[in-house]
């Protein structure tokens, strides 16, 4: 009997791959292994909804797994991949064979590496347990200090303000959202946070935490201090590569895979936050993307290639964030642009188009009330995927129809 396909990691990539295998007609055994006891759930709502009192959102209903013939193992930890035997080993000593293995192990929050960080409770936000613990800990009037002014840090800040806490964000860099979000949009979000009562401190490099009677004194390198009843570290995540590295697989800012998501072992693929891959839209540049959309896209692609397909990565990166009444969306790689064209719509809505040195659209980003920039970014994603080089003056004109640009694309792209 075939050992089948085994998927380690029951997040968006892993669950998506399992169901995509069945949709592609794969008839062998499919085993999906998750380290958490909960039914696999969506991660974006943890900071967007769960902190505000919402419930976990399952990726698929529990009955769907049995209906699709997918064996879901919850609360199980894989300790080792034995490549020669094509077998994984569990924490309890048991094993499971595989014909094809997908590593969708995700990422883990980075820990503060400053004196005093281990002397008291420092929260992170990555999984359900983190979200419920943080939600239970935040109380009205409490002083909350968030280390890190990236997307997760700011979403936690907004949620904590919504629960009545006094919030301070300490960011080591010169501005918020220094990684992946253009400065113009970050500045607008900074205004929104300040107007909602968040204290923002940029260029604040944390040097030490001193704990006294449950209160944290966060001391910055410049000598300033911030008192907090609750501390949250939101300083990014690191890919979970331990299994891959111990098995001798190549690692390069994540599990290194080719454009078809194959590792240095032809029987093992990787997908989601844990892997880095060359992207053909950006000159083969090796990327590791941390987004719901990337995990979903790579999970689907991994399923096709696990069953013998030879399809390469082609999706245009995309992410979003909701903070207060504003919605942020980013597509492509804005940082790869040599020039930025702004389309001012009036009011609080702004869309930026990022053009490469050859005039090709390589990124787009937008910010506005609710979902107001979604249509612009959706069109931009299609243009980026088609390697379009739209006229800069046209992009800047808010009266010019972006949708009309799609009619100029080849039929397959448009």
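The values are calculated or read from the model by the stated rules, or taken from the named source; none is laboratory data. Everything quoted here is computed from the prediction, not taken from an experiment. Methodologically, a virtual Cβ is constructed for each residue, glycine included, from the backbone with ideal geometry; neighbour enumeration extends over all protein chains shown.
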Would you point out the residue of region 319-337, among those that are crowded, with 19+ Cβ neighbours inside 10 Å and over 17 Å from the mean Cα position of the chain (by Cα), that is nearest to residue 159 (Cα to Cα)? 326
Applying the selection to region 208-249, what residues are in a strand (DSSP E or B), out of contact with any helix residue (DSSP H, G or I) (no Cβ under 7 Å at 6 or more places or on another chain) and crowded, with 16+ Cβ neighbours inside 10 Å? 209, 216, 218, 219, 220, 226, 228, 231, 233, 237, 239
Please determine whether any residue of region 252-260 is in the same structural domain as residue 42 (by TED's automatic domain parsing) and within 30 Å of residue 159 (Cβ to Cβ). yes
Filter result for residue 296 (in contact with a helix residue (DSSP H, G or I) (Cβ under 9 Å, 6 or more places away or on another chain), exposed (fewer than 15 other Cβ atoms within 10 Å of the Cβ) and either more than 23 Å from residue 177 (Cα to Cα) or not assigned by TED's automatic domain parsing to the domain that holds residue 26 (or both)): no
Residue that is surrounded by the fewest Cβ atoms within 10 Å (Cβ to Cβ), among those in region 355-381 that are assigned to a strand (DSSP E or B) and in contact (Cβ under 8 Å) with a residue 40 or more places away in the chain: 369
Kindly list the number of the only condition in (1) closer than 20 Å to residue 330 by Cβ; (2) touching a residue at least 60 places away in the same chain (Cβ under 8 Å); (3) in a helix (DSSP H, G or I) that fails for residue 180. (3)
Spans of strands (runs of 3 or more DSSP E) in region 250-338 with at least 2 residues within 23 Å of residue 237 (Cα to Cα) and at pLDDT below 95: 318-323
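The rows are residues; the columns are (1) at pLDDT 95 or above; (2) within 21 Å of residue 79 (Cβ to Cβ).
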| position | (1), (2) |
| --- | --- |
| 2 | no, no |
| 6 | yes, yes |
| 11 | yes, yes |
| 19 | yes, no |
| 31 | yes, yes |
| 35 | yes, yes |
| 42 | yes, no |
